[in-house]
(Lines give C-alpha, C1' and ligand atoms only; values in the text may rest on other atoms or scores of the structure.)
Protein backbone atom coordinates (compact mmCIF):
# COMPACT_ATOMS: atom_id res chain seq x y z
CA UNK A 1 0.00 0.00 0.00
CA UNK A 2 2.88 2.36 0.74
CA UNK A 3 4.13 1.94 -2.82
CA UNK A 4 0.73 2.87 -4.25
CA UNK A 5 0.55 5.93 -1.99
CA UNK A 6 4.05 7.02 -3.09
CA UNK A 7 3.10 6.52 -6.75
CA UNK A 8 -0.08 8.57 -6.28
CA UNK A 9 1.93 11.41 -4.69
CA UNK A 10 4.38 11.35 -7.59
CA UNK A 11 1.56 11.69 -10.13
CA UNK A 12 0.83 15.16 -8.78
CA UNK A 13 4.44 16.34 -9.22
CA UNK A 14 6.22 17.15 -12.47
CA UNK A 15 8.28 14.26 -13.91
CA UNK A 16 11.94 13.90 -12.89
CA UNK A 17 13.09 12.31 -16.15
CA UNK A 18 14.53 14.30 -19.01
CA UNK A 19 11.88 14.90 -21.71
CA UNK A 20 14.04 13.84 -24.67
CA UNK A 21 13.54 14.20 -27.70
CA UNK A 22 11.08 17.06 -27.14
CA UNK A 23 13.81 19.02 -25.34
CA UNK A 24 17.59 18.85 -25.29
CA UNK A 25 20.06 19.39 -22.50
CA UNK A 26 21.88 22.73 -22.64
CA UNK A 27 25.62 22.41 -23.04
CA UNK A 28 28.12 24.22 -20.76
CA UNK A 29 29.35 27.65 -21.94
CA UNK A 30 32.76 26.40 -23.19
CA UNK A 31 31.40 23.24 -24.87
CA UNK A 32 33.22 22.30 -28.08
CA UNK A 33 31.10 20.63 -30.75
CA UNK A 34 31.75 19.92 -34.41
CA UNK A 35 33.82 22.50 -36.28
CA UNK A 36 31.93 24.64 -38.78
CA UNK A 37 33.41 26.53 -41.74
CA UNK A 38 32.67 29.70 -43.69
CA UNK A 39 34.12 29.41 -47.20
CA UNK A 40 33.85 33.15 -47.88
CA UNK A 41 35.90 34.16 -44.81
CA UNK A 42 38.68 31.62 -45.42
CA UNK A 43 41.94 33.01 -46.87
CA UNK A 44 43.51 29.58 -47.46
CA UNK A 45 46.45 30.02 -45.06
CA UNK A 46 46.37 26.30 -44.06
CA UNK A 47 47.16 27.03 -40.41
CA UNK A 48 44.15 24.92 -39.37
CA UNK A 49 45.48 21.85 -41.18
CA UNK A 50 48.97 22.38 -39.78
CA UNK A 51 47.83 22.65 -36.15
CA UNK A 52 45.27 19.79 -36.18
CA UNK A 53 46.69 16.94 -34.03
CA UNK A 54 44.13 14.42 -35.33
CA UNK A 55 44.70 15.33 -38.99
CA UNK A 56 40.97 15.91 -39.34
CA UNK A 57 41.63 18.87 -41.66
CA UNK A 58 43.46 18.67 -44.97
CA UNK A 59 43.85 21.18 -47.77
CA UNK A 60 42.13 20.81 -51.15
CA UNK A 61 42.33 22.51 -54.52
CA UNK A 62 38.91 23.82 -55.48
CA UNK A 63 38.28 24.26 -59.23
CA UNK A 64 38.19 27.95 -60.11
CA UNK A 65 39.94 29.03 -56.88
CA UNK A 66 43.66 29.86 -56.71
CA UNK A 67 43.95 29.19 -53.00
CA UNK A 68 43.96 25.88 -51.20
CA UNK A 69 40.90 25.40 -48.99
CA UNK A 70 40.44 23.15 -45.93
CA UNK A 71 38.39 19.97 -45.92
CA UNK A 72 37.15 18.28 -42.75
CA UNK A 73 36.42 14.82 -41.37
CA UNK A 74 34.24 15.02 -38.23
CA UNK A 75 34.90 11.34 -37.54
CA UNK A 76 38.60 12.04 -37.00
CA UNK A 77 38.12 15.29 -35.09
CA UNK A 78 38.94 15.24 -31.34
CA UNK A 79 37.20 18.61 -30.75
CA UNK A 80 40.30 20.24 -29.26
CA UNK A 81 39.49 23.64 -30.79
CA UNK A 82 43.05 24.39 -31.92
CA UNK A 83 41.92 25.05 -35.50
CA UNK A 84 39.32 27.59 -34.39
CA UNK A 85 41.82 29.33 -32.09
CA UNK A 86 44.47 29.71 -34.79
CA UNK A 87 42.19 30.82 -37.65
CA UNK A 88 43.06 34.51 -38.33
CA UNK A 89 39.74 35.31 -40.06
CA UNK A 90 37.34 33.36 -37.81
CA UNK A 91 36.35 31.18 -40.76
CA UNK A 92 36.20 28.22 -38.36
CA UNK A 93 34.06 28.07 -35.23
CA UNK A 94 32.82 25.43 -32.84
CA UNK A 95 29.16 24.55 -32.83
CA UNK A 96 27.08 23.72 -29.76
CA UNK A 97 25.91 20.53 -31.46
CA UNK A 98 26.75 17.41 -29.45
CA UNK A 99 24.65 14.92 -31.36
CA UNK A 100 23.73 14.60 -34.97
CA UNK A 101 20.94 12.05 -35.18
CA UNK A 102 19.10 11.46 -38.44
CA UNK A 103 16.40 9.14 -39.69
CA UNK A 104 18.43 7.72 -42.56
CA UNK A 105 21.99 6.40 -42.68
CA UNK A 106 22.67 8.49 -45.78
CA UNK A 107 21.98 11.71 -43.83
CA UNK A 108 24.44 10.87 -41.02
CA UNK A 109 27.68 12.71 -40.30
CA UNK A 110 29.79 12.56 -43.44
CA UNK A 111 33.37 11.31 -43.79
CA UNK A 112 35.85 13.58 -45.55
CA UNK A 113 34.16 16.73 -46.82
CA UNK A 114 35.77 18.96 -49.41
CA UNK A 115 35.63 22.74 -48.70
CA UNK A 116 32.37 23.32 -50.57
CA UNK A 117 30.60 20.36 -48.93
CA UNK A 118 31.93 21.44 -45.52
CA UNK A 119 30.56 24.96 -46.03
CA UNK A 120 27.13 23.65 -47.08
CA UNK A 121 27.08 21.17 -44.16
CA UNK A 122 28.05 24.02 -41.78
CA UNK A 123 25.10 26.09 -43.00
CA UNK A 124 22.78 23.13 -42.41
CA UNK A 125 24.14 22.53 -38.89
CA UNK A 126 23.88 26.25 -38.05
CA UNK A 127 20.20 26.27 -39.07
CA UNK A 128 19.65 23.14 -36.98
CA UNK A 129 21.26 24.83 -33.96
CA UNK A 130 18.96 27.84 -34.35
CA UNK A 131 15.95 25.55 -34.52
CA UNK A 132 17.01 23.71 -31.37
CA UNK A 133 17.77 26.84 -29.35
CA UNK A 134 14.23 27.23 -27.95
CA UNK A 135 14.11 23.61 -26.78
CA UNK A 136 17.03 23.67 -24.33
CA UNK A 137 16.75 22.66 -20.69
CA UNK A 138 19.36 23.04 -17.95
CA UNK A 139 19.81 20.79 -14.93
CA UNK A 140 19.23 22.46 -11.55
CA UNK A 141 19.71 20.84 -8.14
CA UNK A 142 16.56 21.19 -6.02
CA UNK A 143 17.12 20.52 -2.28
CA UNK A 144 13.69 18.94 -1.88
CA UNK A 145 13.23 17.01 -5.14
CA UNK A 146 16.76 16.39 -6.37
CA UNK A 147 17.47 17.20 -10.01
CA UNK A 148 14.97 19.16 -12.03
CA UNK A 149 15.05 20.69 -15.48
CA UNK A 150 14.34 24.33 -16.27
CA UNK A 151 14.07 26.08 -19.62
CA UNK A 152 17.16 28.01 -20.65
CA UNK A 153 16.37 31.70 -21.03
CA UNK A 154 16.96 33.27 -24.40
CA UNK A 155 19.35 35.90 -22.98
CA UNK A 156 22.73 34.74 -21.81
CA UNK A 157 22.05 31.03 -21.85
CA UNK A 158 21.34 30.95 -18.12
CA UNK A 159 18.59 28.79 -16.65
CA UNK A 160 15.34 30.59 -16.01
CA UNK A 161 11.73 29.66 -15.41
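Please pick out the residue among 51, 34 that is in contact with a strand residue (DSSP E or B) (Cβ under 8 Å, 6 or more places away or on another chain) and on the phi < 0 side of the Ramachandran plot. Walk me through how you get there before you give the answer.
Working: 51 fails: in contact with a strand residue (DSSP E or B) (Cβ under 8 Å, 6 or more places away or on another chain).
The unique qualifying residue is 34.
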Does the stretch 61-81 hold any residues that are on the phi < 0 side of the Ramachandran plot and surrounded by fewer than 17 Cβ atoms within 10 Å (Cβ to Cβ), and which are they? 61, 62, 63, 65, 66, 67, 75, 76, 78, 80
Going through the stretch 37-62 one residue at a time, which ones are closer than 21 Å to residue 111 by Cβ and more than 22 Å from the chain's Cα centre (by Cα)? 46, 59, 60, 61, 62
From the list 128, 99, 106, pick out the single residue that is outside any loop (DSSP other than H, G, I, E, B), at pLDDT below 75 and farther than 16 Å from residue 29 by Cα. 106
Which listed residue is within 21 Å of residue 96 (Cα to Cα) and either over 16 Å from the mean Cα position of the chain (by Cα) or without any contact (Cβ under 8 Å) to a residue 24 or more places away in the chain (or both), from 21, 29: 21
If we scan the stretch 3-20, do we find a residue that is buried (at least 17 other Cβ atoms within 10 Å of the Cβ) and at pLDDT 85 or above? no
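The values are calculated or read from the model by the stated rules, or taken from the named source; none is laboratory data. Just so it is clear, the model here is predicted, and its values are computed rather than measured. Cβ: placed from backbone, ideal geometry, glycine included. Neighbour counts: every protein chain shown.
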